[in-house]
Amino acid sequence: MEFQKFYTLPKLPYDYRDLEPFMSEEQLRIHHTKHHQAYVNGANNILQKLDKAHKENLDIDIKATLKELSWNIGGHLLHTLFWENMKPPSTVVGKPGGLLGDAIEKEFGSFERFKKEFSQAAISVEGSGWAALTYCMQTSRPLIMQVEKHNTNVYPMFRILMVLDVFEHAYYIDYKNDRAKFVESFWNILNWDTVAKRFDELLK
Ligand code: MN
């Protein structure tokens, strides 16, 4: 495998129009090609800056640089997960089966209860951020994580199974300021197959 030193914008596993009517072609295209690309570029610029500073032994503002790096790497990696855990609505199944379905029911009492809690977590993110379904390898619990920005409130070492972007840039074209409506729509394009696969791989 070739060693890659910089980030690249991943291709989507579907066409821009394929998530309609829940996510429009325009919304998805701008989100992917402008917003996600900006995090990729931002992270790579900082890595180049660090490379130069290390090579030439230059002084840099470490605190500011690492804060900016965290924001951009977080943005890039979360978006990468996000695109993969959506799919065209015609093929969506309402809830996960298998080991993931069992784990969610055991933790939350029912899938419906999980869905409600996850939606509330997404809707109530302060400012810009994400809701994520995560898994703790120490306690074997699937837990909801509410991320502010791309990198605040993160549980270190937890594995991320599924994410939902609730930055305004994720839904403004389609839903204006109605984040709750966007969150409700998300369930129609959520790819539980990918999420279950991520979970199964953790348990191997
Ligand atoms: Mn986004």
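Of all residues in segment 95-115, those being in contact (Cβ under 8 Å) with a residue 24 or more places away in the chain and either open to solvent by 80 Å² or more (accessible area, probe 1.4 Å) or closer than 19 Å to PHE22 by Cβ (or both) number 4.
Is it the case that segment 53-65 has a residue that's open to solvent by 80 Å² or more (accessible area, probe 1.4 Å) and in contact (Cβ under 8 Å) with a residue 12 or more places away in the chain? No, segment 53-65 contains no residue that is open to solvent by 80 Å² or more (accessible area, probe 1.4 Å) and in contact (Cβ under 8 Å) with a residue 12 or more places away in the chain. Of all residue pairs spaced 6 or more apart or on separate chains, those with beta-carbon atoms under 8 Å, a first member in segment 116-130 that is assigned to a loop (DSSP other than H, G, I, E, B) and a second member that is open to solvent by less than 20 Å² (accessible area, probe 1.4 Å) are VAL125/ALA131; VAL125/VAL147; VAL125/VAL166; SER128/VAL166; SER128/PHE167. For the criterion of being open to solvent by 50 Å² or more (accessible area, probe 1.4 Å) and in contact with a helix residue (DSSP H, G or I) (Cβ under 8 Å, 6 or more places away or on another chain), ILE123 passes.
Among the residues of segment 124-153, which ones are β-branched (Val, Ile, Thr) and within 16 Å of the ligand (Cβ to nearest atom)? Across segment 124-153, the qualifying residues are VAL125, VAL147, THR152. With respect to the conditions (1) free of Cβ contacts under 8 Å to residues at least 24 places away in the same chain; (2) under 15 Å from ILE104 (Cβ atoms); (3) open to solvent by 20 Å² or more (accessible area, probe 1.4 Å); (4) not polar (S, T, N, Q), CYS136 lacks only one, and its number is (3).
Residues in segment 1-22 that are among the aliphatic types (A, V, I, L, M) and more than 14 Å from ASP174 (Cβ to Cβ): MET1, LEU9, LEU12.
Being closer than 20 Å to TYR171 by Cα, open to solvent by 50 Å² or more (accessible area, probe 1.4 Å) and more than 14 Å from the ligand (Cβ to nearest atom) is the filter here, so list the residues in segment 23-43 that pass it. Hits for segment 23-43 are GLU25, GLU26. Name every residue in segment 162-185 that is part of a helix (DSSP H, G or I), away from the ligand (no atom under 13 Å from the Cβ) and either open to solvent by less than 10 Å² (accessible area, probe 1.4 Å) or at pLDDT below 95 (or both), in order of residue number. Listed by number, the list holds a single entry, VAL183.
The values are calculated or read from the model by the stated rules, or taken from the named source; none is laboratory data. Computed from a predicted structure; not experimentally measured. Counting neighbours? That spans all protein chains shown, and the Cβs are built from the backbone with ideal geometry, glycine included. These area figures cover heavy atoms from the full protein model, side chains too; ligands, DNA and RNA do not enter into them. Shrake-Rupley method; radii C 1.70, N 1.55, O 1.52, S 1.80 Å.
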